[in-house]
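Each remark here refers to the structure printed beneath this line.
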Amino acid sequence: PHLAALVLARGGSKGIPLKNIKLLAGVPLIGWVLRAAIDAGVFHSIWVSTDHDEIEKVAKQFGAQVHRRSPEVSQDSSTSLEAITEFLNHHHEVDIVGNIQATSPCLHPSDLIKVADMIQKEGFDSVFSVVRRHQFRWSEVKKGENKMTEPQNLNPAKRYRRQDWPGELYENGSFYFAKRHLIEKGYLQGGKMAYYEMRAEHSVDIDIDIDWPIAEQRVLSFGYFGKEPLKEVKLLVCSIDGCLTNGRIYVTEDHKEMVSYDYRDIVGIDLLKKRGIQVRLISDRDCSKTLSAMQLGCVAKVSVTNKLQVLKDWQEDMGLSWKEVAYLGNEESDVECLKQAGMSAVPADACAAAQKAAGYICKSRGGCGAVREFAEHIFLLLEKVNSARKQ
């Protein structure tokens, strides 16, 4: 049977405009679940249902196919079931739909693999995700009612200790898998039905109970970053023009060049060095005099015609794997380096080709703190590496 992953990503949002492609920890929100779905390797096809051109563009960048949903199922009042039914009406080859929520960025491939087995091998008609919570519930007393609240799942005289109470299962909204015949009857949950319990730290739902800064911290700690395990970064290579500087060149009357840079970026370079990470600089043009004046104390290569070859030479000379190399670039000449490096980033104003190739898109523009921001991102991921080692 054809198992399709389907992510519903409408362009409209009452809360955050174009939330589905807003950057979360440097990756478009929808990118986190698409990465998990692709790496799970259990889907015959992976789709994004959307009504918006920009969401379609991002979906295709991450390797998904796109179903353009109709205006009738793109309203604020439209339900997920309506959008899924429309998708099935256009894709008769699909037998099972794994509806994955774009707002669950801590989803891991291992969860999707197990659920696919429950549907395909164990014969369940529908499987949905839940999380275990240890929360005591009380009855609601509406304003003006003259009555007392009542306990719903506890005896106040004998309150459970957390470790003595198994808790309760709640839907966490990460995914809903269902067979075609069930959906065509108007159900996402039914038939031979089962739940799949996810780990609490992976149950992040931005729509319901978490805001963006907290979500970014959760994703950096518990998100899925790809098949290869993260390694400690040993080398950061930074393009000079447009990353360390804002890319502008000022020329005086006596033909001298001047550029500007942000002191925060210099601090970022110093912090990287203190953590034992080498920082090297690279440029298409000859800016040796500018580098000399900046006194950064970094190895630099200028007038470079093939940045990737220089990057490979440095990587081999230092005896590093690509996972230990980070790269910050902003132009088309940086694209191959961004693809090759284990960790890559671009400033917010980088060209489209560079943004597509990068793993992280900074909020800061080139020459305005992008180096410092990427350094902070590297430090957060290093904490994740160290935490994994301890476990």
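A compact table of results
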| quantity | calculated |
| --- | --- |
| Identity of the residue in region 103-125, in a helix (DSSP H, G or I) and touching a strand residue (DSSP E or B) at 6+ places or on another chain (Cβ under 8 Å), that ends up surrounded by the fewest Cβ atoms within 10 Å (Cβ to Cβ) | LYS114 |
| One residue from GLU171, GLU184, GLU201 being open to solvent by less than 70 Å² (accessible area, probe 1.4 Å) and among the charged types (D, E, K, R) | GLU201 |
| Residue under evaluation ALA157, criteria (1) among the aliphatic types (A, V, I, L, M); (2) in contact (Cβ under 8 Å) with a residue 12 or more places away in the chain; (3) surrounded by fewer than 16 Cβ atoms within 10 Å (Cβ to Cβ), criterion not met | (2) |
| Criterion violated by LEU220 - all others in (1) within 30 Å of LEU23 (Cβ to Cβ); (2) open to solvent by 70 Å² or more (accessible area, probe 1.4 Å) satisfied | (2) |
| Those residues of region 187-198 which are open to solvent by 20 Å² or more (accessible area, probe 1.4 Å) and among the aliphatic types (A, V, I, L, M), in sequence order | LEU188, MET193 |
| Some residue of region 48-69 being of a type in the set (Lys, Arg) and either modelled with pLDDT under 90 or under 17 Å from SER174 (Cβ atoms) (or both) | no |
| Condition met for ASP205 (assigned by the TED database to the domain that holds GLU93, farther than 20 Å from ALA36 by Cβ and modelled with pLDDT under 90) | no |
| Contacts under 6 angstrom Cβ, first residue in region 298-316 being open to solvent by 50 Å² or more (accessible area, probe 1.4 Å), partner part of a strand (DSSP E or B), 6 or more apart | VAL299/ARG280; LYS301/ILE282 |
| Residue count, region 154-185 (criterion: of a type in the set (S, T, N, Q) and modelled with pLDDT under 90) | 2 |
| Among the candidates GLN152, GLN101, residue that is polar (S, T, N, Q) and more than 30 Å from ASP51 (Cα to Cα) | GLN152 |
| Selection status of VAL42, touching a residue at least 12 places away in the same chain (Cβ under 8 Å) and within 18 Å of the chain's Cα centre (by Cα) | no |
| Strands (runs of 3 or more DSSP E) wholly inside region 269-330 that include at least 1 residues being of a type in the set (Gly, Ala, Ser) and over 19 Å from ALA354 (Cα atoms) | 299-301 |
| Every pair of residues 6+ apart whose Cβ atoms lie under 6 Å, when the first sits in region 104-125 and is within 22 Å of LEU8 (Cβ to Cβ) and in the same structural domain as ALA9 (by the TED database) while the second is open to solvent by 60 Å² or more (accessible area, probe 1.4 Å) and part of a helix (DSSP H, G or I) | CYS106/PHE222 |
| Region 126-154 - residue that is basic (Lys, Arg) and more than 30 Å from VAL97 (Cβ to Cβ) and, of those, surrounded by the fewest Cβ atoms within 10 Å (Cβ to Cβ) | LYS143 |
| Selected residue (only one of VAL219, VAL310, VAL237, VAL302 is out of contact with any Gly (no Cβ under 9 Å at 6 or more places or on another chain) and closer than 30 Å to TRP32 by Cβ) | VAL219 |
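The values are calculated or read from the model by the stated rules, or taken from the named source; none is laboratory data. If you're wondering where the values come from, they're calculated on a predicted model, not measured in any experiment. A quick note on method: Cβ atoms are made from the backbone with ideal geometry, for glycine too, and the neighbour counts reach across all protein chains shown. For the accessible areas, the whole protein counts, side chains as well, though only heavy atoms, and no ligand, DNA or RNA atoms are used. Shrake-Rupley method; radii C 1.70, N 1.55, O 1.52, S 1.80 Å.
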